[in-house]
Amino acid sequence: MSESPSPGWVLVTGAAHRLGREIALAFARAGWSVLCHYRHSQAKALQTQQLVRAAGGICELVSIDLARPDAAAQLLALCTEVVGQAPRCIVNNASIFEADDAASASAPVLAQHLQTNTVTPLLLANALAGWVQANDAGAPHGHYSVVHVLDQKVHNLNPDYFSYTVSKLALAASVALQAQALAPLVRVCGLSPGLMFLSGPQTQDNFDRASRVNLLREPIKPADVAACALFIAGNTSLNGCTLQTDNGQHLVPLARDVMFAIDENPAS
């Protein structure tokens, strides 16, 4: 009996570490070949590549700064140059996460967050649809997909990390719109995780407490979030929706970001 063919290539942006690595490994274990994108973290990207290969998968590295205005077109071109085709799935995981608030937000910082976290992911999805139209228009509807990684913050607003939140709100609001625009060539879905890793100035003690501020009172498992990205890629009935993979964190409203709220109100 011949082996089943690979599901295809997945491009995971920011796959060098943290959630991006988990997503890359989840796809690899399911038989996908992985394009691991990174910006500066080459050593960590090489570790991801080694882990994928140790799991029996195929992994190629691609590097570009997603803040570049031409990043989306250049990244897709690089992917097709490396593997001879566009990825069947793109997981837009990479993002900038810099601390500011409404009073301190500046035009350059807002523009940087919007370019990396919103504009490039949207244009990358558009570029994939253009490639499919030109090169594989006969593919089954639903075959190609894009997963925009969001944040539970877009469903549970607080004013901290203002520029980051604005950029993710814009991306979240674009999921259904882009799904309509790119149908039937490419499906577009969102994925909203909660707190999974140490962030910014957070201490380990703060993380240990903050990571349980959700309905299940348990830390969110990155592998579970990664499994949902894989589920979206494989389930052709999903389009224009967002999966909230946060242990119900978005249903626990806080006046501030959880890492700050947990110290201001230790009993929360």
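The values are calculated or read from the model by the stated rules, or taken from the named source; none is laboratory data. Because the structure is a prediction, the values reported are computed rather than measured. With ideal geometry, Cβ positions are generated from the backbone for all residues, glycine too; neighbour counts draw on all protein chains shown.
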(Q) Name the residue that is farthest from Lys221 (Cα to Cα), counting only residues in the range 231-256 that are part of a strand (DSSP E or B) and touching a residue at least 60 places away in the same chain (Cβ under 8 Å). (A) Thr242
Q. Can you name the number of the only condition in (1) part of a loop (DSSP other than H, G, I, E, B); (2) over 21 Å from Gly234 (Cα atoms); (3) more than 14 Å from the chain's Cα centre (by Cα); (4) without any contact (Cβ under 8 Å) to a residue 40 or more places away in the chain that Ala16 fails?
A. (3)
Q) Is there a residue in the range 216-233 that is surrounded by fewer than 15 Cβ atoms within 10 Å (Cβ to Cβ), over 21 Å from the mean Cα position of the chain (by Cα), of a type in the set (A, V, I, L, M) and modelled with pLDDT under 95? A) no
Q | Which listed residue, of Ala176, Ala172, Ala183, is hydrophobic (A, V, I, L, M, F, W, C) and out of contact with any His (no Cβ under 9 Å at 6 or more places or on another chain) | A | Ala176
(Q) Out of the residues in the range 99-142 meeting the condition of being among the charged types (D, E, K, R) and surrounded by 14 or more Cβ atoms within 10 Å (Cβ to Cβ), tell me which one is farthest from Asp257 (Cα to Cα). (A) Asp136
Q. Looking at Gly248, is it under 21 Å from Leu25 (Cβ atoms), at pLDDT 95 or above and surrounded by fewer than 22 Cβ atoms within 10 Å (Cβ to Cβ)?
A. no
**Q.** Candidate set: the range 93-118, residues that are part of a helix (DSSP H, G or I) and free of Cβ contacts under 8 Å to residues at least 24 places away in the same chain; chosen: the one farthest from Leu75 (Cα to Cα)
**A.** Ala107
(Q) Whether any residue in the range 195-218 is hydrophobic (A, V, I, L, M, F, W, C), over 30 Å from Asn126 (Cα atoms) and without any contact (Cβ under 8 Å) to a residue 12 or more places away in the chain is what I want to check. (A) yes
(Q) Can you tell me which residue is surrounded by the fewest Cβ atoms within 10 Å (Cβ to Cβ) among those in the range 44-79 that are of a type in the set (D, E, K, R) and assigned to a helix (DSSP H, G or I)? (A) Arg53
Q: Kindly indicate whether any position in the range 78-92 is in contact (Cβ under 8 Å) with a residue 60 or more places away in the chain, closer than 20 Å to Val166 by Cβ and either charged (D, E, K, R) or touching a strand residue (DSSP E or B) at 6+ places or on another chain (Cβ under 8 Å) (or both).
A: yes
